[in-house]
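None of the figures in this text is laboratory data; all of them are computed from the coordinates on show. Model, not experiment: these values are computed from the prediction. Heads up, the Cβs are rebuilt from the backbone with ideal geometry, glycines too, and the neighbour counts pull from every protein chain shown.
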Ligand SMILES: Cc1cc2nc3c(=O)[nH]c(=O)nc-3n(C[C@H](O)[C@H](O)[C@H](O)COP(=O)(O)O)c2cc1C
C-alpha cells in the first residue's frame with residue numbers, strides 16, 4: 001500500500017447544485033461536492049465564501065439538485081464562475097427555473113430530483129465560510145423519473161459523481177445489488 005497523507009479524497013462525492021436567489025431576485029447556482037446526509041431529514045454542506053453565501057445570509061432557503069450527465073458541463077461551469085464576476089452566469093447554463101412552492105429558492109427544472117431546504121444552523125462560521133446544517137423541507141422528482149409504482153427511479157436519472165483524486169466526473173453505473181439484503185447471504 002502507498003501512503004498519500006491527508007487529502008480530501010472521500011469517495012465518491014456528490015455533485016450538488018445549490019440554488020439561491022441573488023439580491024435582485026435572479027436565480028443563482030453553484031456546485032458543491034462537500035455535502036451529504038446529516039440525519040434523517042437533514043443534510044450538511046461545507047460552504048465557502050461565494051455569491052451563494054451572500055444569498056444565504058439574506059435568506060436561509062435553498063435548493064439542492066443532483067447533477068446529471070446531461071447537465072454536467074453547466075454544472076461544472078457554475079462551480080468555476082461566480083455570479084459576483086459574471087452577471088450572465090445563469091443565462092450561459094441554459095437552465096430554466098421556477099420558484100419553489102415550499103421554500104424561497106429556485107427549482108432548476110433541467111434536473112430530475114431536487115431537495116427544497118432551509119438552514120437550521122451555521123456551524124464554525126468565519127469569513128471563509130461555515131458548515132450548513134439544513135432541514136430538507138421537501139423533495140421534488142420530475143414525473144419522467146418515477147417507476148411504475150410512483151417511486152423515484154434513480155437508475156433513470158443518469159446521475160454523476162465527483163472524483164476528487166483526478167478532479168473528474170463519473171457517471172453512475174448499473175445497479176449491482178440490494179442494500180440490507182444481499183449481505184444476508186453470509187449470515
Ligand atoms: C467540483 C466542484 C466542487 C465544489 N465544491 C464546493 C463545496 O463543496 N463547497 C463550496 O463552498 N464550494 C465548492 N465549489 C466552488 C463553488 O461552486 C464556486 O466557487 C462557485 O463559482 C460559487 O458560485 P457563486 O459565487 O455564484 O455562488 C466547488 C466547485 C467545483 C467545480
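Rounded if a/c is under 1.5, else prolate if a/b beats b/c, else oblate: with a ≥ b ≥ c from the C-alpha gyration tensor eigenvalues square-rooted, which is the stretch 13-186?
Values: a/c = 1.57, a/b = 1.45, b/c = 1.08.
Prolate, since a/c reaches 1.5 and a/b exceeds b/c.
Working from label points 7 Å from Cα in the Cα-to-Cβ sense, the residue 54 to residue 42 distance is 3.0 nm.
Think of it as helices only: each DSSP H run of n ≥ 4 in the chain is worth -39500 (n - 2.57), and spread over all residues that comes to -3000 deg cm²/dmol at 222 nm.
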